[in-house]
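Below is one structure; the comments refer to it alone.
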């Protein structure tokens, strides 16, 4: 690595560690490795918009149609936006997956279960439009980081939300949780308290309560020393519950990553940080043998 890219990457890590917006990575990732459609409505509300990242024609899966991933960003259900996660859309699209990144209602204007309902509606849009995006409707996955991992888990595990929009978790090929909170009552974080109207938070708001033999296969990833979302209470316990129900689950933990850099390492400038985060995801999507466009 030359000095200039290393310095830029180091600066990005420092900024992310200081809780600067994750869009610091977007100026450092390629712009010519995917096709982009932005600001597509998936519902009638102003915030119900999504961006689509499609692979270039030269990137194609080994067999059949490509998978489609719906990615939900994190931010304690109170911050973040779809535009900040171009580095995630690019990383997956450059390797053969179609990617949908939706916005969803944020606290304090929106509280549970509004953001879960938005997430389900965005997934319904993806299921309905997969074929038009060159993806296989039977290979739709949900994926999220931190509070976005919660959204993904709830859509995948609690059939109420997709059921409300005329779909079902049975239509999902799997779900990917990155440092997601899956069992966090009682709530101590003030932002999360507002998002879930603590202490009036229903027990069935917790993803762990909805694991069953019908749950989709899962890939769970976490930083082993995560100080924001306890990987033992959340990732390990979710994996144990899925296994006990007979659901296929793979777990990857990373000793050299943190809660923030687990997702930041999807960006090209930071993939050297401390663990191959992309290969397990691409293997789970069935694209492990597909070369990147770059």
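By other beta-carbon atoms within 10 Å, ranking 266, 72 with the fewest at the front produces 266, 72.
Considering only DSSP beta bridges whose two residues both sit in region 32-188, what percent are antiparallel, to the nearest 5? Let's see the in-between values first.
Details: 10 of 25 bridges.
If we restrict to bridges inside region 32-188, about 40 percent are antiparallel.
Using every pair of distinct Cα positions in region 61-141, the Kirkwood expression returns a hydrodynamic radius of 13.3 angstrom.
Grab the eigenvalues of the alpha-carbon gyration tensor for the chain, scale each by 5, take roots, and send me the semi-axes largest first in whole angstrom. Show your work: numbers first, answer last.
On the way: eigenvalues 135, 102, 73 Å².
Equivalent ellipsoid of the chain: 26, 23, 19 Å, largest first.
Footprinting exposure proxy ranking of 82, 203, 117, 236, fewest other C-beta atoms within 10 angstrom first, gives 203, 236, 117, 82. Each of 210, 145 was scored by other Cβ atoms within 10 Å of its Cβ. Arranged with the fewest first, they read 210, 145.
Contact order normalised by length for the chain, with contacts defined as Cα pairs under 8 Å and 6 or more residues apart; what percent is it? It would help to have the intermediate numbers written out before the result.
Details: 628 pairs, mean separation 55.4, N = 294.
Contact order relative to length: 19 percent.
Hey, what number do you get for the chain at 222 nm if only DSSP H runs of n ≥ 4 count, each worth -39500 (n - 2.57), divided across all residues, to the nearest 500? Intermediate results must be reported in sequence, preceding the final value.
On the way: 9 runs with 83 residues, N = 294.
Value at 222 nm, helices only, nearest 500: -8000 deg cm²/dmol.
Could you tell me whether region 142-277 comes out rounded, prolate or oblate from its Cα gyration tensor? Rule is a ≥ b ≥ c as square roots of the eigenvalues, rounded for a/c under 1.5, then prolate if a/b exceeds b/c, otherwise oblate.
Values: a/c = 1.72, a/b = 1.26, b/c = 1.37.
Oblate, because a/c is 1.5 or more while a/b does not exceed b/c.
Read the figures in this text as sums done on the coordinates, not as results from a lab. Small disclaimer: the values here were computed from a predicted structure and weren't measured. Glycine gets a Cβ as well: all are built from the backbone with ideal geometry, and neighbour counts include every protein chain shown.
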